[in-house]
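The values are calculated or read from the model by the stated rules, or taken from the named source; none is laboratory data. Treat the numbers as computed from the prediction; the structure is a model and nothing was measured. Neighbour counts are summed over all protein chains in view; Cβ atoms, including those assigned to glycine, are modelled from backbone coordinates with ideal geometry.
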Amino acid sequence: MSPRPREHAVPRLLGAPLSGRGRHVAKQIRGGRARPPSQRRLRAGRTPGEARTPPDERMLCVALGVVALLGLAGGCAAPHNAVSRMLHLLEGSAGTTEPPNPSVLLALNLAGAGANSHCKLLLQQLQKTAVERAPKDMTSGELALYTLALLSSCQSPRRVRALGHTVDVLRRLQERTDEEVAYLVLEGAPRTTFYQLSLDVLALCLEGTGSYEVAAVMLAKEVLSPGSGLSVDTRAVAALALTCAHGRLAAEGLGELRELLHDAVARVANAFLDQQEQGDGIIGNIYSTGLALQALTATAAFYAPREWDCAQAFSAVLRHHLQQPMAVAQALPALLGRTYLDAAGLDCGASRHPAHGGTAGAHQGRPSATAPLAPRITVYYSVVNHLRGAHFSYSTRVRVPAGSVLLAVLRAAQEQDPAHFSFQTEATSWGAMVVSIHGLAASTADKTYWRLLSGGDALEQGVDTYKPRDGEHIQAVFSTY
Ligand code: B12
């Protein structure tokens, strides 16, 4: 691929409206460019096959690494026992989930705990899945998360080998990102979501050879747009991505573009500081706070001279004793003073966290869907579609053991009345997602999903973790996003 004259292409986009430039922009975003020497330096020391630290030295590195890690978060340190519990939880989930979870490997590597057998197994599973799915049906965000996980394992995303085949995950990511941008230009929204587009920019920027500037500009504009309804989670990943892009462009004299990116990152970071103050340490909800803390960790220069009360945020997160591997995987890096921006600069030959000494952690499984000896509670359950095709609205009442997760309610309703309450779930990084009810399936092309509510408020968890109370009314409403 030949280098692209980006000094001309990118600034021209700054004043351009988001729509109406479809083919023109799509054309501009095609093609990669050579990575400048400054960026190559940034990534030194992570080439696969390089000399590894000998085992004896590694033990020393372990101790030093942990001291460094625990002291990194601007004077805030997460207690060792809390970090150790989280690491054990992640290790317990590594290699045991289907599909394998790149965010778990990324978090373990960022915590310096990526050398154990669980991580090696998880890496192999990810490589196998990449070979099978990257050429076919992976979304841009999935490819981006795989890229980050591979980079954090000091593996090149350009040559992923498994099952006797090799795939170029980075090339696929570039293609999918280009599709996202072209779609955004034409339709006003990415093909998937702004969350995935943020991951795309982050991964391409960190890897350093891809073409992500147009996507970064569009992301920054969306962040700054007054009507933008981006969630905390999405703005957090966008801030990380734009911080990376801002840093990369520093050496290249693209002043106007840097200003736009700076404004977008500063907007997100300042809003997070305000939200944290108002939310007693929580930014959005407990599950978005981990990513928001990563963003605040990475963006101090953008909210200076304001200061971040990281102690308040840390204790808010730690109070919740997060149990889901995905929630832990997003929060743990920040508690160790690290962020996804560090994924490409890790020294895979060096320190490994001693909290577990390479042994398996206690696996904290999901709460079981049934608890036979517990007293029973009554839960009211409705399924509603006033959106597509033949509208319907059915309600029922089921009895389940107290302490059951919502999935048990859905199963009981299906068992009682399969004609109205049949449903299907899909395994995802956050657990079981309800993808179809009463034969009506969610669709990414249509941007529809089954929204879960309790008494009219959206649930903050999914069916395999949320535990309804006695007398609660749960609704599943077919909705758009
Ligand atoms: C985008 C998004 C959605 C989109 C996904 C659409 C799409 N095709 O991309 C939609 C709007 C459908 C969605 C729905 C829900 N979401 Co959501 N979602 C996200 C978000 C912002 C990004 C996920 C993502 O794209 N990751 C990147 C891709 C590449 O990785 P992935 O593994 O392929 O991602 C898939 C899963 O994350 C899955 N998914 C998305 N949300 C949820 C929620 C649950 C409970 C499950 C099991 C799976 C799941 O869809 C993604 C795309 O296929 C995350 C934020 C975060 N911090 O992770 C919240 C997040 C995962 N969602 C959350 C919630 C609560 C929900 C809902 C339960 C909300 C509701 N009340 O209905 C529903 C799921 C209901 C159901 N049917 O089971 C919570 C989960 C918290 C928890 N402890 O479980 C998060 C963390 C947001 C938050 N901070 O509260 N979500």
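Residues in the stretch 324-342: is at least one farther than 12 Å from Ala236 by Cβ and of a type in the set (Ser, Thr, Tyr)? Within the stretch 324-342, none of the residues are farther than 12 Å from Ala236 by Cβ and of a type in the set (Ser, Thr, Tyr).
Among the criteria (1) in contact (Cβ under 8 Å) with a residue 60 or more places away in the chain; (2) out of contact with any Asp or Glu (no Cβ under 8 Å at 6 or more places or on another chain); (3) among the hydrophobic types (A, V, I, L, M, F, W, C), the one Leu273 does not fulfil is (1). Of the residues making up the stretch 449-480, just one is surrounded by fewer than 18 Cβ atoms within 10 Å (Cβ to Cβ), touching a Gly at 6+ places or on another chain (Cβ under 9 Å) and assigned to a strand (DSSP E or B), namely His473.
For the stretch 166-187, the condition of being of a type in the set (Val, Ile, Thr), farther than 24 Å from Asp342 by Cα and in contact with a Gly (Cβ under 6 Å, 6 or more places away or on another chain) holds for at least one residue.
Restricting the search to strands (runs of 3 or more DSSP E) fully inside the stretch 320-433 and requiring at least 1 residues that are under 27 Å from Thr129 (Cβ atoms) and at pLDDT 95 or above gives 423-428. What are the residues in the stretch 280-320 that are more than 13 Å from the ligand (Cβ to nearest atom) and over 20 Å from Ala239 (Cα atoms), if any? Across the stretch 280-320, the qualifying residues are Asp280, Ala311, Gln312, Ser315, Ala316, Leu318, Arg319. Among the residues of the stretch 421-437, those that are buried (at least 18 other Cβ atoms within 10 Å of the Cβ) and more than 8 Å from the ligand (Cβ to nearest atom) comprise Phe421, Phe423, Ile437.
Among the residues of this structure, Asp446 counts as one that is at pLDDT 95 or above, surrounded by fewer than 14 Cβ atoms within 10 Å (Cβ to Cβ) and within 14 Å of the ligand (Cβ to nearest atom).
With respect to the conditions (1) among the acidic types (Asp, Glu); (2) more than 10 Å from the ligand (Cβ to nearest atom); (3) under 29 Å from Pro100 (Cα atoms), Asp470 lacks only one, and its number is (3). Among the residues of the stretch 113-158, those that are among the small types (Gly, Ala, Ser), within 12 Å of the ligand (Cβ to nearest atom) and under 23 Å from Leu184 (Cα atoms) comprise Ser140, Gly141, Ala144. Residue count for the stretch 90-99, restricted to those that are assigned to a loop (DSSP other than H, G, I, E, B) and surrounded by fewer than 24 Cβ atoms within 10 Å (Cβ to Cβ): 5. Residue count for the stretch 224-240 under the criterion of being touching a residue at least 24 places away in the same chain (Cβ under 8 Å) and within 13 Å of the ligand (Cβ to nearest atom): the result is 10.
Would you mention how many residues in the stretch 449-467 are under 26 Å from the mean Cα position of the chain (by Cα) and either more than 7 Å from the ligand (Cβ to nearest atom) or of a type in the set (D, E, K, R) (or both)? Of the residues in the stretch 449-467, 7 are under 26 Å from the mean Cα position of the chain (by Cα) and either more than 7 Å from the ligand (Cβ to nearest atom) or of a type in the set (D, E, K, R) (or both). Of all residues assigned to the stretch 222-229, none qualifies as being touching a Ser or Thr at 6+ places or on another chain (Cβ under 9 Å), outside any helix (DSSP H, G or I) and modelled with pLDDT of 95 or more.
Just one of (1) closer than 26 Å to Arg469 by Cβ; (2) over 30 Å from the mean Cα position of the chain (by Cα) fails for Met433. It is (2).
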